[in-house]
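All remarks here apply to the structure that follows.
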Amino acid sequence: MSPDRAPVGALFRRFRDRLASEGPERPSVSGGHGAKQSGRFAEAGGSRATGTGAGVARTDAGAAEAGLAPQPPRDVPPTERRRGGRRKGGGGEQLNVPPAEFTSYYGRPVLKAPVWKWDIAAYLFTGGLAAGSSLLAAGGQLTGRPALRRAGRVTSLAAVTTSAYFLINDLGRPSRFHHMLRVAKLTSPMSVGTWILSAFGPAAGVAAIAEAAPWLPERGVLGLGRRLLPPVGHAAGLAAAATAPLLATYTGVLLADTAVPSWHEAYPELPMIFAGSALASGAGVGLLTAPTDQAGPARRFAVAGAAMELWGSHRVENRLGLLSEPYAEGTPGRLLKAGRALTAAGVVGALIGRRNRALSAVSGAALLAASVCTRFGIFHGGVASAKDPRYTVVPQRERADRRAAEQG
């Protein structure tokens, strides 16, 4: 121990003598004799005040000397202080927390926007066009309308070939499409769609090739092909038509199966919209290419497809609440609005121009353009909803509030 420091015992005796000489109004230490003395003050009706220092406890008289406000005894309820936003009728101070608003990290999107580009939107259109044209060809085949059948089969093959090109272009390498055929997963819309496209394509190709049978010579090996191709083409055309509804609607299921808010929430309507758009586009092919006396099935397809497409689009733009905004604003809103106008004009023209070849062709072109606008509008609307965090956070909190209200 250093010689200039006093022993611990001497320091303690000096502190005890000082405490005895200054009386009971001096600060008490926490614990031991000081804690008992503070308890006696509280039992006698005194009050305590707390200063800014650590562990300061005083009587009212000591607090007055130190310039501190006295604190009431323990058995006295706290004084009620009101502030703006305090709950009425309760003791003490209550502060209201403002309702939470959606936030994201520096306003960045919560979801990663789809990396798909315009070729996938074009793939949605060409797939629907192939399906609608195949159904149109089957209608022409069953009702004895060769011009309608021929136009539908040729367009279906061209559309499904273009659709496969857009899909492979998005995948990057043709081998990736082949790799997707190594598994069949019923819970994956992409896997199911790959198999649907693989089944539809060859059937549509055989049906289209059969239309070349009249150009083959009547004798020899090619003559045999001339006799065999028509029945084989009829069977292939019906097989393609049986697969066409799946091809027309699976892309809607594929979009709704993603986490993109405005696609996912519209899962009941997207397959309906895509089916109606496919029928309308197939009708457009028939009205554009077939004579008016053979375009009866095309006109009926136009009415049915327009009804389904307009009903689904109306639901998407009005049922989803906040998530309907991406479909009504900006580029998606303009595209969908143009699609509705062109669809209505195409149906009216198809009904009025039953004997007018020019008006029938214009109506068919309007229906094809309407299908393009609808598919691209749905595509861009979903991408816009993924880029804005508001469309992800707000609906999630609304669902959480509804669940809490139901459980409460």
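Key figures
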read-out: The stretch 218-237: number of residues that are surrounded by fewer than 17 Cβ atoms within 10 Å (Cβ to Cβ) and either part of a helix (DSSP H, G or I) or at pLDDT 85 or above (or both); value: 13
read-out: In the stretch 338-367, the residues that are within 21 Å of residue 255 (Cβ to Cβ) and in contact (Cβ under 8 Å) with a residue 40 or more places away in the chain; value: 343
read-out: Meets criteria (touching a residue at least 60 places away in the same chain (Cβ under 8 Å), under 21 Å from residue 164 (Cα atoms) and either surrounded by fewer than 17 Cβ atoms within 10 Å (Cβ to Cβ) or under 38 Å from the mean Cα position of the chain (by Cα) (or both)) for residue 259; value: no
read-out: Subset of the stretch 293-310 that is crowded, with 24+ Cβ neighbours inside 10 Å and of a type in the set (Gly, Ala, Ser) - its residue that is modelled with the lowest pLDDT; value: 295
read-out: Qualifying position, being at pLDDT 95 or above, assigned to a helix (DSSP H, G or I) and either among the hydrophobic types (A, V, I, L, M, F, W, C) or within 16 Å of residue 368 (Cα to Cα) (or both), among 164, 131; value: 131
read-out: In the stretch 275-320, the residues that are in contact (Cβ under 8 Å) with a residue 12 or more places away in the chain, more than 23 Å from residue 143 (Cβ to Cβ) and either in a helix (DSSP H, G or I) or touching a Lys or Arg at 6+ places or on another chain (Cβ under 8 Å) (or both); value: 277, 309, 310, 311, 312, 313, 315, 316, 317, 319
read-out: Residue within the stretch 178-186 that is touching a residue at least 24 places away in the same chain (Cβ under 8 Å), closer than 27 Å to residue 282 by Cβ and not basic (Lys, Arg) present; value: no
read-out: Those residues of the stretch 372-408 which are free of Cβ contacts under 8 Å to residues at least 40 places away in the same chain, assigned to a helix (DSSP H, G or I) and among the small types (Gly, Ala, Ser), in sequence order; value: 400, 404, 405
read-out: Options 278, 290: the member that is modelled with pLDDT of 95 or more and among the hydrophobic types (A, V, I, L, M, F, W, C); value: 278
read-out: Complete set of residues in the stretch 327-366 that are touching a His at 6+ places or on another chain (Cβ under 8 Å) and surrounded by 20 or more Cβ atoms within 10 Å (Cβ to Cβ); value: 332, 335
read-out: Residue that is farthest from residue 285 (Cα to Cα), among those in the stretch 321-356 that are charged (D, E, K, R) and assigned to a helix (DSSP H, G or I); value: 325
read-out: The stretch 203-256: number of residues that are β-branched (Val, Ile, Thr) and within 21 Å of residue 140 (Cβ to Cβ); value: 4
read-out: Only one of 210, 199, 184 that is in contact with a helix residue (DSSP H, G or I) (Cβ under 8 Å, 6 or more places away or on another chain), modelled with pLDDT under 95 and under 23 Å from residue 275 (Cβ atoms); value: 199
read-out: Given (1) under 22 Å from residue 134 (Cα atoms); (2) touching a Phe, Trp or Tyr at 6+ places or on another chain (Cβ under 7 Å), index of the condition residue 184 fails; value: (1)
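The values are calculated or read from the model by the stated rules, or taken from the named source; none is laboratory data. Values in this document were obtained by computation on a predicted structure and should not be read as measured data. Note that we place each Cβ from the backbone using ideal geometry, even for glycine, and neighbour counts take in every protein chain shown.
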